[in-house]
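The values are calculated or read from the model by the stated rules, or taken from the named source; none is laboratory data. Quick caveat: nothing in here was measured; it's all calculated off a predicted structure. Glycine gets a Cβ as well: all are built from the backbone with ideal geometry, and neighbour counts include every protein chain shown. Only protein heavy atoms, including side chains, enter the accessible area calculation; ligands, DNA and RNA are left aside. Shrake-Rupley method; radii C 1.70, N 1.55, O 1.52, S 1.80 Å.
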Amino acid sequence: MSTPSITRRLWRDVTLFDGLDTQPQPMAVVVAGDRIERVVPMSELDPAEAVACETLGRGGVMTPGLIDCHTHLVFGGSRADEFEKRLEGVSYEEIARQGGGILSTVRATREASEPELFALARPRLEALMREGVTTVEIKSGYGLSVADELKMLRVARRLGEALPVRVVTTLLGAHALPPEYQGDSDGYIDLVCREMIPAAAAQGLADAVDVFCEKIAFSVAQCERVFEAAATHGLPIKAHAEQLSNLGGSAMAARHGALSADHIEYLDAAGVAALREAGSTAVLLPGAFHTLRETQLPPIAALREAGVPMAVATDANPGSSPLFMPTLMLNFACTLFRLTPREALAGMTAHGARALGLHRQSLGRIAEGAPADLCLWDAETPAELAYAVQPGRLRQRIFQGQCNFH
Ligand code: NIG
Ligand code: FE
């Protein structure tokens with residue numbers, strides 16, 4: 001019996017950003033099946049090998065497929081009214097305290113059926129894919145009951161089955177206190193630990209567990225209980241922490257081996273040291289910083305100095321970051337947070353993968369043996385991707401070796 005031969009696909013003369021650095025010379029990339037087989041300078045490309053390949057692209061900038069490691073894409077309703085309120089001077093925190101904010105999305109998400117949520121989320125995800133995303137993390141957190149959180153996670157899983165994109169799911173039961181638990185936040189944390197996490201784990205619906213550690217959400221001690229429950233079920237953890245104030249949630253999450261601490265505008269030196277020691281990733285969310293007109297910058301210089309990997313994500317959600325454009329986040333990471341374009345790109349490739357624990361599978365890298373998730377851009381240098389906000393430059397998006405979009 002003969003083995004069917006695998007078609008090898010070749011991209012020639014590309015300027016290659018490999019997830020961490022730009023290669024100094026024009027490169028050739030050969031993909032066999034769903035894996036990257038060879039990455040060589042053009043000068044070393046064997047002409048016989050080139051002839052045996054199907055050439056799919058010449059020139060341009062090639063990067064790993066973008067990894068958006070923090071989104072809330074599944075939700076019902078809209079919060080345009082709150083956008084207007086914030087323009088009139090009411091703060092995000094104030095709106096949340098009045099029962100709006102996250103809870104307004106919870107009401108709409110609870111009312112929506114699973115097919116409705118799927119239909120709403122699909123175009124949002126397609127918008128990210130059109131901008132180069134091949135891996136996306138999607139959180140629950142607008143259900144806040146066992147049934148509604150599982151409903152959100154099922155929708156996220158279905159999106160990954162229906163579209164050519166890798167979806168990683170995160171249970172964010174501890175996002176806000178639902179109205180029926182008003183005055184009993186410990187009781188709600190019991191529900192998250194004793195019912196939500198076990199059910200999501202048993203049904204294989206969550207790849208990780210997240211919390212919102214903040215004065216308007218849950219305390220450090222409550223979040224720690226959630227992390228202990230996640231550990232019992234073998235689930236990795238991450239945290240929304242130090243977004244509006246410095247409670248020490250990031251350091252606590254790091255002590256529990258968190259994959260990442262996200263937002264972290266108010267992170268202090270002890271928090272930076274804790275992330276470094278634990279090998280956790282700092283996830284920067286410039287879209288939320290921009291939308292909330294935050295003025296406290298995350299401690300970028302200290303993170304850089306400590307060698308903490310910095311990821312960049314959209315945080316796409318209906319409230320704090322209604323921004324569904326990953327390449328805009330590359331620009332914001334540079335203009336608002338003063339990352340270099342190289343750091344911003346690493347933040348949405350190699351370090352985005354790390355924030356999801358996917359670096360172990362070489363995701364977010366262009367290297368021999370890595371999954372063939374790639375983007376080919378109409379640009380001369382990788383820095384241009386962060387420099388100009390210009391949608392439509394994605395020439396090809398390659399997911400698992402297949403060219404899905406031109
Ligand atoms: O990442 N910080 C808390 N959670 C989300 C916001 C969710 C919302 O406003 O709906 C965030 O910013
Ligand atoms: Fe978030």
(request) Among residues belonging to the stretch 260-282 that are hydrophobic (A, V, I, L, M, F, W, C) and within 21 Å of Leu235 (Cα to Cα), point out the one that is nearest to ligand 2 (Cβ to nearest atom). (result) Ala261
(message) Going residue by residue through the stretch 283-306, is there one that turns out to be of a type in the set (D, E, K, R), within 12 Å of ligand 2 (Cβ to nearest atom) and closer than 22 Å to Ile67 by Cβ?
(response) no
(message) Can you tell me which condition Leu117 does not meet? The list is (1) open to solvent by 10 Å² or more (accessible area, probe 1.4 Å); (2) more than 16 Å from ligand 2 (Cβ to nearest atom); (3) touching a Gly at 6+ places or on another chain (Cβ under 8 Å), and all the others hold.
(response) (1)
(request) Sort through Ala353, Ala311, Ala383 and tell me the only one that's touching a Ser or Thr at 6+ places or on another chain (Cβ under 9 Å), on the phi < 0 side of the Ramachandran plot, within 16 Å of ligand 2 (Cβ to nearest atom) and of a type in the set (A, V, I, L, M). (result) Ala311
(message) Looking only at the stretch 68-103, filter to residues that are within 13 Å of Tyr142 (Cα to Cα) and away from ligand 2 (no atom under 16 Å from the Cβ); which one of those is surrounded by the most Cβ atoms within 10 Å (Cβ to Cβ)?
(response) Gly76
(request) Scan Glu277, Glu265, Glu224 and give me the residue that is part of a loop (DSSP other than H, G, I, E, B) and farther than 20 Å from Ala346 by Cβ. (result) Glu265
(request) Return the total of residues in the stretch 200-218 being within 15 Å of ligand 1 (Cβ to nearest atom) and either of a type outside the set (A, V, I, L, M, F, W, C) or at positive phi (or both). (result) 3
(message) Looking at the stretch 390-401, can you tell me whether even one residue there is closer than 17 Å to Asp13 by Cα and part of a loop (DSSP other than H, G, I, E, B)?
(response) no
(message) List the residue pairs whose Cβ atoms are under 7 Å apart, where the first residue sits in the stretch 138-167 and is within 16 Å of ligand 1 (Cβ to nearest atom), the second is open to solvent by 10 Å² or more (accessible area, probe 1.4 Å) and in a strand (DSSP E or B), and the two are 6 or more positions apart or on different chains.
(response) Ile138/Val167; Ala156/Val167
(request) Identify, from the list Ala379, Ala346, Ala367, the residue that is in a loop (DSSP other than H, G, I, E, B), buried (at least 18 other Cβ atoms within 10 Å of the Cβ) and small (Gly, Ala, Ser). (result) Ala379
(request) Starting from residues that are open to solvent by 30 Å² or more (accessible area, probe 1.4 Å) and either charged (D, E, K, R) or more than 21 Å from the chain's Cα centre (by Cα) (or both), keep the ones in the stretch 235-265 and report whichever is farthest from Ser321 (Cα to Cα). (result) Arg255
(message) Looking at the stretch 164-221 only, could you name the residues that are within 19 Å of Leu244 (Cα to Cα) and in a strand (DSSP E or B)?
(response) Leu172, Ala174, Asp210, Val211, Phe212, Cys213, Phe218
